[in-house]
Each structure stands twice: as C-alpha cells, then as structure tokens.
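The next block holds one structure in the form of structure tokens; read it before the comments.
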Amino acid sequence: MGAVVEVADLRKEYSLGNERVQALRGVDLRLDAGEFVAVMGPSGSGKSTFMHVVGLLDTPSAGTYRFEGTDVSGLGADERADIRGSRLGFVFQAYNLLPRTTALANVELPMVYAGVAEADRRRIAGDKLEMVGIAHLAKHHPNQMSGGQQQRVAIARSLVNDPGLILADEPTGALDTKSSQDVMRLFTRLNAEQGITIMLVTHEPEVAAYARRIVTFRDGSITSDVVNERQAA
Amino acid sequence: MSLKATLAVALAALVRNKARSLLTMLGIVIGVAAVIVTVAIGVGARTSVQQSINSLGSNLIVVQPGSVTQSGAKTGFGGASTLTPDDGLAIVKLPGVAAVSPMVSVRTQVVAGSNNWQTTIGGVAPSYTFIRSWPLAAGRFISEGDVGSAAKVAVLGQTVVGQLFPDGSSPLGQTVIVKGAPFTVVGTLAALGQSGLGQDQDDTVLIPYTSAMERLTGLTTVNSLMVSAASATQIDGVQQSVTQLLEQRHRIVPPATDDFQVRNLQSIAQAASQTGTVMELLLAGVAAVSLIVGGIGIMNIMLVSVTERTREIGLRMSVGARGASILRQFLAESIVLSTIGGILGIVAGAAGTLAVAMFTHWPMTIPPQWIFASVAFSAMVGIFFGYYPARQAAQLNPIEALRFE
C-alpha cells in the first residue's frame, strides 16, 4: 500500500492579535491507503489545524506535505481547490448540507465543480446514497431528515469523487449515542469493505475506538501513535 | 464549471429564497418599467404633437395682424386691422409660395329650418382645402367664381351637418341662414376631429372670404393670411420674403415695429418637441436614479446573502470550488436577479404604456432598441452592484467560512 499522506516536520504558525501561536511544532506522520486513523487531543492541541493542512484547506508554514506522492506544501489556492474536489472528501460536525435542497442534489455538489455531466452526476449520487443506506431519502430536504440521516448524506457527498482520503471532523459531535454508533459503523464498513482511507478528528475516546490507529496530539506535537487492538464495531 | 451549471446553481439559490428574490427584483422592475413608460410617453407625445401640427396643414405659415399702439395702449396681437386680401394676392406671387388663403372668422348663429347652431364661420379662398390638406366629404368647395361674386354659398363641417340636419338628410342644395342672409350649401367637409389643442375642427362653416367681409364683418381687412410654402425646406425663406413684402406694402421702416406677425408651425412644432425632450430627459433621469437605487438594493441583499451563506461558501470551497467559481456564482445570482427584474419591468412598462395609451389616445410605441437597452442595462446593474459582494464571497478563507456561526 502506498502512502496517502506523508508529512515531515510540519509546522504552522499564525498570529492571533499580537501573539504568535505555534499550532503545529514539527509533525511527522505517514498515512497509508486503507488506513482508518483517529486523531485525538484536547482543544488547542493542533489536531484541527493538522486536519486543515492535510485537507488542503490551509498551507503549512514550514515542513513538507506529500499527498499521494506529490509535494503539495507550496500549492496555490486554485490548485488546492482542484485536489480537494478530485481526491479529498470532507465530513463536518454540522453536516453542512445546502438547505432547501434535496439529498440527491447535495450529494451531487462536488461533481458540479468537477464538471461531471448531469446524467452521470445523478447516477453516481444515487449509488452513493444507496451505499450509505438512505437511497429512499433522495428527494428529501435536510430539514425533513434526522441528524444521523443528514450526516449520512454528507458522507455520501464525501464519497462521490472516489477520494483518496476522507477527512471527518467531529462527525458525531452533533449526534445522539444511537446515531453516533450508526455513523461510526458506517465509516468502519466503508473502510473495511471499500478500503477507503479515513482520518477522523475527535476528542471522544468512544468515537476514536472505532479506528484502527489512534494518533494523539498535544501542544502541536504528536504524543502517541498506537494501533487500536480492540477496534469497536 | 460550465456556464449552464453556474446559472443552474444561481437559479437554485434564488429559488430557495423566493420572497426575498422577488422583493430584491422589485427595485429593478420599477426602474425599468419607469424607463419604458417614460420613453413611450415621450415618443407618443411627440408623435401626437407632430400629428396635430401636420393636421393643421403642411408647410403652413400664418400671417396675423400685429399689435398697434392706440393712445399709448398696446393692443396685443390681432389688434392691428391692416391685413387685406390684396396682401394675400401679393404674397402668392412670391417664389416658393404654393398657395395663400385669407381667413375671416366670425362666431355667429347658423339656422337651417327649425334647427340652429352657434359656430365659427370661416371666410376663405378656394385654396384653403389645399393649404389645410382637408378633403371634401361631398359636393364641391368654394370656387374662384364664388369669391369673385361674393356668392352666398357655404361648405359645412361635419359637426355643423350633424347639428343642422340631425335626421341625416343630405345638406347639399339646402339653404342655411347666416346673420339673416340665405346661403346655399354646396359641399361638406370630411371629418378632421379634434385639433392638437382640443378644439373641434369640424365645428365650422366655410364661405367665400369676400362674402364674409361683405355680409358678416363689413370690413376690408381679414383676420389672418394662411400661406403654404411649396416645400418644408422653403418655409424659412418664404417667411422672410413675406415679412419683407408686408413691411414694404405697409410702409414700415425701422424703428417702427411690424403691424403683423409671421409664424410657421414648424417652429411651434420644434418648440413643442424641445419641451418634450426636456421632459423626457427629466423623466429618464428619475428612471435612472430608480435603477441605481434598485441596484443598491441588489448589492445590499447580495451582501446579506454572502454573510448568511458563509458556511455554504466554505462548504463549496471544501468540495473543490475555486474562488473564481464562487465569484461567478454570486455574480450570476445578481445578474439573473437584475435581468429577470428587467424583463418583468418591460412587461410592467408595456402594461403601463397600454394604460396611458388608452387614457390619452396617443399613438404610443415602445422603440425596440429601448427594450434591448433596458435588459442590457439591468444586466449591467447586476454586474456592477453584484461584483463587490461576489468578490467578498470569493475571498473568504474556507476554514473561517466553515467555522462561521
């Protein structure tokens, strides 16, 4: 299996008012295809910044980042947007679905920017909704769905471009226990059955327990990187 | 991202907020409708003025008596009784003059059988129908012989025919009594309708000017001389030569003022259409201001929309939208808003024009180039006022946009 993410001595600095904040202080990490890793840590540990850099939403101040073998540390905004659209999938805590728009149209959205033809968009979006088990809700609007169902739509949306990596930022943060379990089982299944690489950011140990590898951040550095022997299911 | 996809995304976003989109459009709708109605009214008024002036006669020059000072008091125009039929005969010999007719007008009662009617008697020459481009409905007009013998013949306007012969019988050969004298009706005039000033032009009886002077006024002077220039280009020249000729004939040497006044309808028409132009400019200015206000409304709503949809923008960016795509999407939204507003404005403007046309009976048309210009202009309003909010959206940082509460 090749490396999907390879970061070396990754640093991120930014100023907050008059203060210089060192959000990442030299992070080294390799993530191979097919992995399911949970990134943990308290708030301010740098885990969100790390996810933003890995997700090409942000650029590192120093260090190198190779995504699928290509150095992407110095790319411009447009090139990063193109890679996000073609090789990355995002799942957010707040689902971030377009309101008053059907589940199907929401799932189609990334393909609109990728320039996929309308008929293909519809077909692929339908397939992905099926994959996450809510094909019957294709015509529903977000406000007609439960939180768990909305998050499934968001997961389907993250899958449409067959991404090399899915980044899930606190995907269960807004869900009740039952829905959380459902969503985490879905991730586990997608990883196990489809071999989809997943990086999950969370601060809840019971959510991280679904991953096969757990990386813990503190003060901008990785403090532990362990294999989860007892993966939850 | 294709143009079609961009437009589809923009339309979807607008449909998601129907009420707001419609209200935002309203500014542009009103602005464009105002432009259309304004232009149509301007064109209609101008055409209407032109028509009513043309209906008075082509290339017409009117010579009226001027003002005289009697015992230190100025009489105003028409006060001088100096114009004579001989002046007319002299004018007709001038180059560029097609025809001349004196006009002696008297307001009096006309009686036929048991019916009577108060109307204006016009003493004219045979050339009058030519000068006024006024066709006959029946019979014949006043002849040179009638003028020579001061014959008691009359030609009736349609209003007078209706009043004196209400049973619909032909007035031809009948006798009408004008100031006690019997006149034989030899012809009737075609209906002309109202003049540009709202007068009923058909409410008249025409008789030879010699008969009018002899039997009605008892004067040797006439009220005015109507001169027709041979062509529109000769109007100014004829006006000058008429002035010179009459100054000679009336022995007027500067510094004495002329005892007559020569006016041509073209100058009246020009004055009227200049007034129209000023009005049009004024109304167009108001319309332009309302379009700008409409544009500011669009900008305002687009700014609100960008703020409100910050997370949506963040999401779009995270799934691969470039800044340029976001810019195009919001720009497309404001252009679609303003263009649909413009089209609705044209429809509203056309309806308004129709209403005004029904009310005023003006021949109103909306020039097609204005329809095109309105749509183009409203699209430009959309681009101009939509650019700033769209740029704000495109320059958002995706991380901050996603976190936006």
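The values are calculated or read from the model by the stated rules, or taken from the named source; none is laboratory data. All of these numbers come straight from a predicted model, not from anything done at the bench. When we count neighbours, we look across all protein chains shown, and the Cβ atoms used for this are built from the backbone with ideal geometry, even at glycine.
Structure values in brief
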| quantity | calculated |
| --- | --- |
| Contacts under 9 angstrom Cβ, first residue in the range B:147-159 being within 18 Å of residue B:85 (Cβ to Cβ) and free of Cβ contacts under 8 Å to residues at least 60 places away in the same chain, partner surrounded by fewer than 24 Cβ atoms within 10 Å (Cβ to Cβ) and among the small types (Gly, Ala, Ser), 6 or more apart | B:153/B:143; B:153/B:187 |
| Residue among B:389, B:363, B:367, B:398 that alone is at the interface with chain A (Cβ under 10 Å from one of its Cβ atoms) and touching a residue at least 60 places away in the same chain (Cβ under 8 Å) | B:398 |
| Single residue of B:350, B:357 found to be at pLDDT below 90, part of a helix (DSSP H, G or I) and either more than 14 Å from chain A (Cβ to nearest Cβ) or closer than 20 Å to residue B:34 by Cβ (or both) | B:357 |
| Pick from the range B:7-20, criterion touching a residue at least 12 places away in the same chain (Cβ under 8 Å) and at the interface with chain A (Cβ under 9 Å from one of its Cβ atoms), ranking: surrounded by the fewest Cβ atoms within 10 Å (Cβ to Cβ) | B:17 |
| Some residue of the range A:112-125 being within 14 Å of chain B (Cβ to nearest Cβ), among the basic types (Lys, Arg) and at positive phi | no |
| Matching strands (runs of 3 or more DSSP E) fully within the range A:106-218 where at least 1 residues are in contact with a strand residue (DSSP E or B) (Cβ under 8 Å, 6 or more places away or on another chain) and surrounded by fewer than 19 Cβ atoms within 10 Å (Cβ to Cβ) | A:213-218 |
| Residue match in the range B:247-265 (condition: within 14 Å of chain A (Cβ to nearest Cβ) and among the hydroxyl-bearing types (Ser, Thr, Tyr)) | no |
| The range B:112-136: number of residues that are part of a strand (DSSP E or B) and either within 28 Å of the chain's Cα centre (by Cα) or touching a residue at least 60 places away in the same chain (Cβ under 8 Å) (or both) | 8 |
| Residues being touching a residue at least 12 places away in the same chain (Cβ under 8 Å) and under 22 Å from the mean Cα position of the chain (by Cα) - total across the range A:114-143 | 12 |
| Conditions (1) in a loop (DSSP other than H, G, I, E, B); (2) within 14 Å of chain B (Cβ to nearest Cβ); number of the one not met by residue A:51 | (1) |
| Residue list for the range B:137-181, filter: of a type in the set (S, T, N, Q) and more than 39 Å from the chain's Cα centre (by Cα) | B:149, B:174, B:175 |
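Residue by residue, here is whether (1) touching a Gly at 6+ places or on another chain (Cβ under 7 Å); (2) assigned to a strand (DSSP E or B) holds:
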{"residue": "A:8", "(1), (2)": "yes, yes"}
{"residue": "A:12", "(1), (2)": "no, yes"}
{"residue": "A:20", "(1), (2)": "no, yes"}
{"residue": "A:30", "(1), (2)": "no, yes"}
{"residue": "A:37", "(1), (2)": "no, yes"}
{"residue": "A:43", "(1), (2)": "no, no"}
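One line per residue, one yes/no per condition, for (1) under 30 Å from residue A:20 (Cα atoms); (2) within 14 Å of another protein chain (Cβ to nearest Cβ):
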| position | (1), (2) |
| --- | --- |
| A:139 | no, no |
| A:147 | no, no |
| A:152 | no, no |
| A:159 | no, yes |
| A:165 | no, yes |
| A:177 | no, no |
| A:202 | yes, no |
| A:212 | no, no |
